[in-house]
1. Looking at P131 and the list (1) in a helix (DSSP H, G or I); (2) of a type outside the set (D, E, K, R); (3) out of contact with any helix residue (DSSP H, G or I) (no Cβ under 8 Å at 6 or more places or on another chain), which single condition is not satisfied?
2. Filter the stretch 134-156 for residues that are open to solvent by 70 Å² or more (accessible area, probe 1.4 Å) and outside any loop (DSSP other than H, G, I, E, B) and give the result.
3. Give L263, L225, L221 a once-over and let me know the one that is surrounded by fewer than 20 Cβ atoms within 10 Å (Cβ to Cβ) and among the aliphatic types (A, V, I, L, M).
4. Which residues, taken from the stretch 228-249, are modelled with pLDDT under 90, touching a Ser or Thr at 6+ places or on another chain (Cβ under 7 Å) and open to solvent by 40 Å² or more (accessible area, probe 1.4 Å)?
5. Could you go through the stretch 250-259 and let me know if any residue there is within 17 Å of N172 (Cβ to Cβ), modelled with pLDDT of 85 or more and part of a strand (DSSP E or B).
6. Anything in the stretch 62-91 that is surrounded by fewer than 16 Cβ atoms within 10 Å (Cβ to Cβ) and either touching a residue at least 12 places away in the same chain (Cβ under 8 Å) or aromatic (F, W, Y) (or both)? List them, or say none.
7. Residues that are at pLDDT below 85, within 19 Å of the chain's Cα centre (by Cα) and within 28 Å of L184 (Cβ to Cβ): list the helices (runs of 4 or more DSSP H) wholly contained in the stretch 1-117 that include at least 3 such residues.
8. Any idea which of L159, L163, L184 is open to solvent by less than 20 Å² (accessible area, probe 1.4 Å), among the hydrophobic types (A, V, I, L, M, F, W, C), out of contact with any Pro (no Cβ under 8 Å at 6 or more places or on another chain) and not in a loop (DSSP other than H, G, I, E, B)?
Amino acid sequence: MTRVARTVLLGLSLLLGGAGAADLFRNDSLQEQVRALEVLPSRTPEQEQRLELLRRTLTHPSFALQEVLSRIGVRFHSGGLHCPSDGGRCTLRDLRLSGAVPVTEVEAALRQAGYVVLGTTAVLGPPEIAPAAALPPSLPLHVAPTLRYVQFAGQPLYLQVTLNNPSAQPLNLSWGMNVLSAVLLNDEEEVVTWDHPYSYGLAGIGASCPAHQPCTGSLRLSLPLTHYGTGDSLPSGRYHLRVRINGPRVGDAPPLTFTLPDLPITVEAPNAR
């Protein structure tokens, strides 16, 4: 009797997605950890357990899909992956990806890799974000981005945006899954990598903003410092991060949409320090 088919639902930044989780679970990173454990002359029981877990993880269908998508030059955001336990072909359904590759090429490459592709496949290019010299003066909240201005190539960039309530009255804040979008540009104003709203949390996130204090929730972004098309680490140099904040609401007021002034960063080689 055939066992119940195994279904793996891939959503947001689970194993492949957006940038933070994807970076933690990259195949090459896991393989390096496996090799480091395998060459040890002796291993503790905990190291043996970790090695076995890493080996099982690398055989998971989602990681095979990640390898294929990486070769195509696109990143995963959401969709379904169904792999039957009898070893039959895996089925992909309603994929949401981002990259600079036409949908027809993506689907052809996935079928050539042995996948059955169903539903609608969407591939998003970089979001269009116009530069902003300053924040809008009418914002009811103070916006404070936190970013390390020296970053290392190939590693994730982390941005946190703290919202502060300057008024004497407490405020309620809410935002949806499309709260952040970002592009990273080089000195020639060329977009080298980006991230889309598909990577961020669930709709209906809320925060309270006590009077004259920071709100209880912050907006976060994680972006791997790799070239979108090739997956190669970005060359050392100066870049700037451009971030749009899409539609948080203060109480029942209309949604706020604005762009942060560009945030400069310097990318260095991992062994530069």
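1. So the condition that P131 fails would be (1).
2. Of all residues in the stretch 134-156, those open to solvent by 70 Å² or more (accessible area, probe 1.4 Å) come to 137-138, 142, 146, 148-149, 155.
Hits for the stretch 134-156 are H142, T146.
3. On the way: L225 fails: surrounded by fewer than 20 Cβ atoms within 10 Å (Cβ to Cβ); L221 fails: surrounded by fewer than 20 Cβ atoms within 10 Å (Cβ to Cβ).
Answer to the check: L263.
4. G231, D232, S233, R249
5. Checked the stretch 250-259: at least one residue is within 17 Å of N172 (Cβ to Cβ), modelled with pLDDT of 85 or more and part of a strand (DSSP E or B).
6. Pass one, the stretch 62-91, residues surrounded by fewer than 16 Cβ atoms within 10 Å (Cβ to Cβ): 67, 71, 84-89.
Across the stretch 62-91, the qualifying residues are E67, R71, P84, S85, D86, R89.
7. It comes to 19-24, 27-38, 61-72.
8. L184
The values are calculated or read from the model by the stated rules, or taken from the named source; none is laboratory data. Since the model is a prediction, treat every value here as computed from it, not as a measurement. Heads up, the Cβs are rebuilt from the backbone with ideal geometry, glycines too, and the neighbour counts pull from every protein chain shown. The area values use the complete protein model at the heavy-atom level, side chains included, leaving out ligands, DNA and RNA. Shrake-Rupley method; radii C 1.70, N 1.55, O 1.52, S 1.80 Å.
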